[in-house]
1. Taking the alpha-carbon set of the chain, what are its Rg and Dmax in Å?
2. With 5 Å bins from zero, work out the P(r) of the stretch 165-240 over every alpha carbon pair and list the percent per bin.
3. Using a 1.4 Å probe, what is the accessible area per residue for the chain, in Å²?
4. DSSP loop GluC sites (Glu not before Pro) in the stretch 152-238 with at most 12 other Cβ atoms within 10 Å of their Cβ, which ones?
5. Taking every pair of distinct Cα atoms and averaging 1/r, then inverting, what Kirkwood hydrodynamic radius in Å comes out for the stretch 139-277?
6. Can you list the lysines whose alpha carbon sits under 16 Å from that of LYS158, skipping same-chain ones fewer than 8 residues off?
7. Run the simple label-point estimate for LYS280 and ASP39 please: 7 Å along Cα→C-beta, distance reported in nm.
8. Would you calculate the separation in nanometres between label points at ASP67 and GLU262, each defined as 7 Å from the Cα along the Cα-to-beta-carbon direction?
Amino acid sequence: MKKILYLIVLIFGFAGTLSAKVTLPALVGDNMVLQQKSDVKIWGWSEPDASVKITTSWGSKGSVKSDSEGNWNITVTTPAASYTSHTITVSDGEPVVIKNILIGEVWLCSGQSNMEMTFTGFWGSPVLGANQAIEESGLYPGLRLFTVEKNSATMPQKDCKGSWQISSPAATRNFSAVGYLYGLELQRILNVPVGIINSSWGGTIIEAWIDAESQKDFTDVDLSLLNNEKFPVYGKPVSCFNGMIAPLVNYSIRGFIWYQGESNVPRFSTYADKMVTLVKFWRKLWADDNMPF
């Protein structure tokens, strides 16, 4: 009987391997906005040494072979911004279709509680004008919102948790109020789709959003706190970069908005230098020394 059960498990396991689909990161999914007129990366994971192909509804194609660990990365060219809904098909033998994609402008917003604060506010104090903003948010389906789930990590992560949401009362009420209003203003002025990625965490220090190498010369930074389980997660250097920025780096964006500073008041004298370090580091991550910040 045991041999029969083992054989059944083995057969189903083998069948599962044959039918395995590519795995995509959270950022690469339905309703996303891709940066216009750019060479954007689509990436994910498959079986080792698998042939992965991408076909887009606007005509750009690409193919690549996954490495020995199953990682793959394909670059496709995007057209000018428009409200035309697109699809991308990714396949290593079994297709995965990403739907309702728009081409436009993509921005990353980050920081601490002032950036994290939603229209519902904190402690029962909603943002001024919240009801009207929430009610009207359904009028802007070209505005897409992605919130990165909070994650303090000791090592850079490959993926994050979250999903792209179309602007609507349900999606907007729990999104960064500053991020939403910034995206809405961009859409109104530029008349193109806008995607806003919100990666923020109330109470965090600026050091949490920078890698260790970039801040090794700051004498007021204790990098060993990253591995101290008793220390508050939002106060650990490098932790938010590892968990909430590193997974985003492949995604093409136009620029950053930042709202943080209160948690660095005890070390205010070094904040300006750390701000410069953050800006340079993030621009380096996205390979653009002139990226708007």
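1. Radius of gyration, then largest Cα-Cα span, for the chain: 21.0, 72 Å.
2. 3, 14, 19, 14, 11, 10, 12, 10, 5, 1
3. It amounts to 50 Å² per residue over the chain.
4. Hits after loop and neighbour filter: GLU229.
5. After inverting the mean inverse Cα-Cα distance, the result is 16.2 Å.
6. Within the straight-line limit of under 16 Å, LYS158 reaches these lysines: LYS41, LYS150.
7. 2.6 nm
8. 4.1 nm
The values are calculated or read from the model by the stated rules, or taken from the named source; none is laboratory data. Just so it is clear, the model here is predicted, and its values are computed rather than measured. Cβ atoms come from the backbone with ideal geometry, glycine included; neighbour counts cover every protein chain shown. The accessibility values were calculated without ligands, DNA or RNA, using every heavy atom of the protein model including side chains. Shrake-Rupley method; radii C 1.70, N 1.55, O 1.52, S 1.80 Å.
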